[in-house]
C-alpha cells in the first residue's frame, strides 16, 4: 500500500514539475479534479458487484489534442476495496467543439484488499491496464465538467480474473 502511494505521489509530482519546467509552453495547461460514480465488477464470483467510486486526477495538456493524466481511485465494498493508481494518455477527437469527446488508455498499479471474517485483512497489488472514453464540457477557461467510462484489468495471473468498469462524472479546475 505504501509502495502504491509513493508511486502515485512520485508520478503526480513528475507531471506537475514537467509541466512547470518548460517556460514557454503556450499550449500547456495543468488541471486537477475529482470524479464520483460507481464501479461495476465484470468478473469474479463476488455477489457484491456495484459500489460507490471516487477518484482524483491531475492532467497536463501536451498539445491541442493530447493530455497526460494521472489518477488515484478508490472503491469500497462490504468486505473489500479496490485502489487504482494509473498513468494515462488522453486523446481528444474534436478539441474545437463545445462537447469534446475523448479516448483514454493507461497503465498502473491496482491493489485489492479483502477482509476475511473481520479478523484478517489481505491485500495484493497487480500491474494492469485500462481504457475508456468520455466527454468534456468547459464551463469557462478554468472550470469544466467531465464524464467517462473506463474498463480496468489488473493482470492477476493465476490469482483469478478480476476486472471492472468505472462510470464517473466530475469537475476539474485549471491551474
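The values are calculated or read from the model by the stated rules, or taken from the named source; none is laboratory data. Quantities reported herein were computed from a predicted structural model and do not represent experimental measurements. Ideal geometry is used to build each Cβ from the backbone, glycine not excepted, and the neighbour counts take in all protein chains shown.
Return yes or no: is residue 75 within 30 Å of residue 118 (Cα to Cα) and either in contact with a strand residue (DSSP E or B) (Cβ under 7 Å, 6 or more places away or on another chain) or at pLDDT 95 or above (or both)?
yes
Do you know which residues across the range 80-93 are more than 20 Å from residue 143 (Cβ to Cβ), part of a strand (DSSP E or B) and either touching a helix residue (DSSP H, G or I) at 6+ places or on another chain (Cβ under 7 Å) or at pLDDT 95 or above (or both)? I'd like the intermediate steps shown before the answer.
Within the range 80-93, the first condition is being more than 20 Å from residue 143 (Cβ to Cβ), and the residues that meet it are 80-89, 91, 93.
After this cut, where a residue has to be part of a strand (DSSP E or B) as well, the list is 80-89, 91.
83, 84, 85, 86, 87, 88, 89, 91 - these are the residues of the range 80-93 that are more than 20 Å from residue 143 (Cβ to Cβ), part of a strand (DSSP E or B) and either touching a helix residue (DSSP H, G or I) at 6+ places or on another chain (Cβ under 7 Å) or at pLDDT 95 or above (or both).
Hey, among 70, 40, 51, which residue is outside any loop (DSSP other than H, G, I, E, B), within 21 Å of residue 147 (Cβ to Cβ) and in contact with a helix residue (DSSP H, G or I) (Cβ under 8 Å, 6 or more places away or on another chain)?
Testing whether each residue is outside any loop (DSSP other than H, G, I, E, B), within 21 Å of residue 147 (Cβ to Cβ) and in contact with a helix residue (DSSP H, G or I) (Cβ under 8 Å, 6 or more places away or on another chain) leaves just 70.
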